[in-house]
Amino acid sequence: MIFVASAATTYEFQDPEGKYTFKLTFPDEDIVGFDPVCHVEGWGDYIKLSVDMTGENKQTGVDTKIEVEGVDAKEWMVIKRSYPIKRYYNSSDEFMLPYSSGCDQLQYCGVHALYAVKVSSKAPKGSATLRFTLVATDDETDDFFIVPAYQEIECGETIDFTLKKERNGIYSDVDDNEVEWIVGQSRSLSDFRSVTIGTIDNAGILKSNAGVFTSEEIGTCTVFAKIDGERKAQSEVVVKCPSDKEADLQEVIRLYQLRIPEGPYHRDLKAGKVWSSFIGMKPGTATNLYANLNDEYGEFTCGSYQDKVLRFLSKMQSTPGECHLLNGYDFGPIEGSYSAHHATVVYPKGTDWKKTGIVFDPWPQQKPEVMPIADWEKTFSPIAGDTSPGSRHKYNTTKDPNDYQYAAWTAAGDLAQGTGDLIGDMGALVGFGQCPVNILITDSNGRQLGAIDDSNMVFEIPDAFITRMADGEGGYSWYFILQNTDEYDVDITAFDDGEFEFFVMNTNTEQLQNYGERVIKNGEVAEVELSSQDPTTPMTLPDGSEVIPTLEEPVIPESTLPTEEKGLPGFELWMTAFVIFVVMLFRRS
C-alpha cells in the first residue's frame, strides 16, 4: 500500500508510562474521532478510534501506518487481540486493520477490534505497550468471528469452536445447523510429510459435537466457518508434541541406526567388486570417488547422507508416538573442513551445539554412527553451522553470523557448482598436497589463498578454490584450483615432522607435475612457483636443494554422471578433487 502524505491523518499517542510516542497514520482520513480512555472489561484500557463508514472499500478495514519514535520497526510487534499480525523480525509498518461495527461491548469484539503495539525490551527505553481499538460509527451488516481465534494444543486434544456474529454491538451465536466447518491449510512440522492436522465435526443426525476439532498430527492448520458456501471466518490452530513423555536420545540413536541405510561400499567390498586402489581407503572417501562413476553411490555422499538424517529427525519430530523422543532437543545441519564435509547434530535446546552436540554422521564409515561433537571436530575442524544456500538461517545451527566468516570461500563454492565454472576456457592448475603441512598460495598481485596459520584460512584470490580435509593420521589432504592466467608462489609449511607429497595438473596439457614424497620437519617451509607456461619449475626444499618435477600423462576415467544432476551439498567439492584423487591413485598403483 502507498500512502499519500497530503491526504493522510496522523494521530500521536503515548504509552501509559510515557516512554514512547506512537504515530498512527490513516491515509484515507478514515478516522473521525477518538476516545483516549475506553475501558474494555477483562482487557484493560484502550484508545477507541472511530471509523467513518461512508465511502468505498470500507468493508475490509482501515489502511494504517504505525511508527514508534526512536524505535526500529523490528523492535515492535502488533497483536490483533491475542494473535500476532506482525512479529519483531518483520520490518513492515503498513497494515490493513479490520474494525468492529458499532461495538459497545468491546470485550466481545474478537479479532476485529482490539489491537496492541508492543515494543521489545531491547528497544532504547525498554518495553512498552499501546492499546487501541477501531470501531465503526454505524453498521448494517453482520461481522462473523470464531471463538477461539487462535489456539495451541497438544496432539490428541480437542478444541470446541463457536461461530459468533455482531451487529451494532449486539452479539449472538450462529446456529450450528447453519455452519459448515472445514479444516484446511494443514502443514506438518516436518517439510517432508504431507498430513491432515485434524478433523472437525459438523451438525447432523449422528454428530452432536458440531465445531469440535480433534487433533491428529503435529503442525498447523486453519479452521474455516462457512454459511451457504461463503467463508465467514477462520481460526488458526497449532498442534504440538505431547509434553507428558520424557525424551530418549538412546532410542533416537537406535532408530537412526535401524532406518538410515548403509552405503553400497561394504556390500561391494565383500563381493570383491571394489577397485584394488580403493581398498584401504576410508569408506566415505571411496564412496565419493565411486559417486562420479556410479549413480547408486551418489546417494551416499556426505551431503546426501546429511539430507537423509535431517529427513529422519524431522519426520520423527512431527510424528505422534515418536515426537516425544526429541522433547527438549534441537537438531540442524553442520559442516566441517571449511565446508568440505556435511553432517547433522542433535543437542539439548538452549545450549551451544558446538559444546554439547552429538553428531549423526554416517558418511566416514558408510554406516549410521554417532560421536560427540568434540571428536568430530578433531577430524573436520573448523566446524560451523551449514552455510550451504539451502540451509542458511533455516535452522538454529545456521543462524550464527560468525559461522559465515568464510564468505569468500562460500562465494567461490557457489560460483563453482563443479569444476567447469572455475576451469573455464583458459584452463586451470589443479593441485594436491598431503600430510603434516599447511599450504598458502600467493598470486602476482599479492592476494593469498590457503592457511595463514594452523587455525585461520584466507580466500583472497578470485575465481580460485581451496579446501582441506583431515587425513585421519594427524595431517591434511589439500585440494586447490587456480586459473591458468597467472603465476603463483606456493609455501608448504610443516606443522609436524613427516613426509609430504605435492603435485599439480595443467588441465590444458593434462600433464602432471609430480614433486614426489619429501621429508620435512616441524616449522620448515618448502617453496615452489607455479606457472602454466613452465611445468618444470623446481621446488626449493628447506635445506636449499631443488627438486625438478617428473612430468606424467596419466589416463583418467571419465565420470558417467554430470555434476549438476547430483545436486547434493558438498558433492561439487569432491568433483573438484576427483581428478586429483584418480591421478594420485593411478600413480601409486
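Would you mind finding the one in Glu230, Glu216 that is over 30 Å from Phe300 (Cα atoms), open to solvent by 80 Å² or more (accessible area, probe 1.4 Å) and free of Cβ contacts under 8 Å to residues at least 40 places away in the same chain?
Details: Glu216 fails: free of Cβ contacts under 8 Å to residues at least 40 places away in the same chain.
Being over 30 Å from Phe300 (Cα atoms), open to solvent by 80 Å² or more (accessible area, probe 1.4 Å) and free of Cβ contacts under 8 Å to residues at least 40 places away in the same chain holds for just one of Glu230, Glu216, which is Glu230.
Residue-wise test of (1) modelled with pLDDT under 90; (2) more than 24 Å from Glu17 (Cβ to Cβ); (3) surrounded by 14 or more Cβ atoms within 10 Å (Cβ to Cβ).
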{"site": "Gly126", "(1), (2), (3)": "no, no, no"}
{"site": "Leu130", "(1), (2), (3)": "no, no, yes"}
{"site": "Asp139", "(1), (2), (3)": "yes, yes, yes"}
{"site": "Trp181", "(1), (2), (3)": "no, yes, yes"}
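Selection of region 24-39 for residues being at pLDDT 80 or above and either over 41 Å from the mean Cα position of the chain (by Cα) or loosely packed, with under 15 Cβ neighbours inside 10 Å (or both) yields Ile31, Gly33, Phe34, Asp35, Pro36, Val37, Cys38, His39. Of all residues assigned to region 293-303, at least one qualifies as being under 16 Å from the mean Cα position of the chain (by Cα), surrounded by 21 or more Cβ atoms within 10 Å (Cβ to Cβ) and in contact (Cβ under 8 Å) with a residue 40 or more places away in the chain. Looking at Ala343, Ala374, just one residue is surrounded by 22 or more Cβ atoms within 10 Å (Cβ to Cβ) and either without any contact (Cβ under 8 Å) to a residue 24 or more places away in the chain or at negative phi (or both), and that residue is Ala343. For region 524-538, the condition holds for at least one residue, the condition being that it is in contact with a Leu (Cβ under 9 Å, 6 or more places away or on another chain) and charged (D, E, K, R).
Evaluate the following for Pro362: is it open to solvent by less than 20 Å² (accessible area, probe 1.4 Å), in contact with an Asp or Glu (Cβ under 7 Å, 6 or more places away or on another chain), more than 30 Å from Glu216 (Cα to Cα) and not hydroxyl-bearing (Ser, Thr, Tyr)?
Numbers: open to solvent by less than 20 Å² (accessible area, probe 1.4 Å): yes; in contact with an Asp or Glu (Cβ under 7 Å, 6 or more places away or on another chain): yes; more than 30 Å from Glu216 (Cα to Cα): yes; not hydroxyl-bearing (Ser, Thr, Tyr): yes.
So Pro362 fits the description; yes.
Can you pull out the residues in region 352-372 that are over 18 Å from the mean Cα position of the chain (by Cα) and not in a strand (DSSP E or B)? Outline the logic, then answer.
Residues of region 352-372 over 18 Å from the mean Cα position of the chain (by Cα): 355-356, 358, 361-372.
Across region 352-372, the qualifying residues are Lys355, Thr356, Asp361, Pro362, Trp363, Pro364, Gln365, Gln366, Lys367, Pro368, Glu369.
Considered as a group, the residues in region 166-179 that are surrounded by 18 or more Cβ atoms within 10 Å (Cβ to Cβ) and at pLDDT 90 or above include one that is nearest to Leu310 (Cα to Cα), and that residue is Val179.
Looking only at residues of region 407-427 that are open to solvent by 40 Å² or more (accessible area, probe 1.4 Å) and under 17 Å from Ile383 (Cα atoms), we find that the one that is modelled with the highest pLDDT is Ala407. When Arg254, Arg259, Arg267 are checked against the criterion of being open to solvent by 60 Å² or more (accessible area, probe 1.4 Å), of a type in the set (Lys, Arg) and under 19 Å from Ser190 (Cβ atoms), Arg259 stands alone in meeting it. Under the condition of being over 23 Å from Asp30 (Cβ atoms), of a type in the set (D, E, K, R) and open to solvent by less than 70 Å² (accessible area, probe 1.4 Å), the residues counted in region 141-159 number 1.
The values are calculated or read from the model by the stated rules, or taken from the named source; none is laboratory data. Source: prediction; values computed, not measured. With ideal geometry, Cβ positions are generated from the backbone for all residues, glycine too; neighbour counts draw on all protein chains shown. Surface areas here come from the heavy atoms of the whole protein model, side chains and all, with no ligands, DNA or RNA. Shrake-Rupley method; radii C 1.70, N 1.55, O 1.52, S 1.80 Å.
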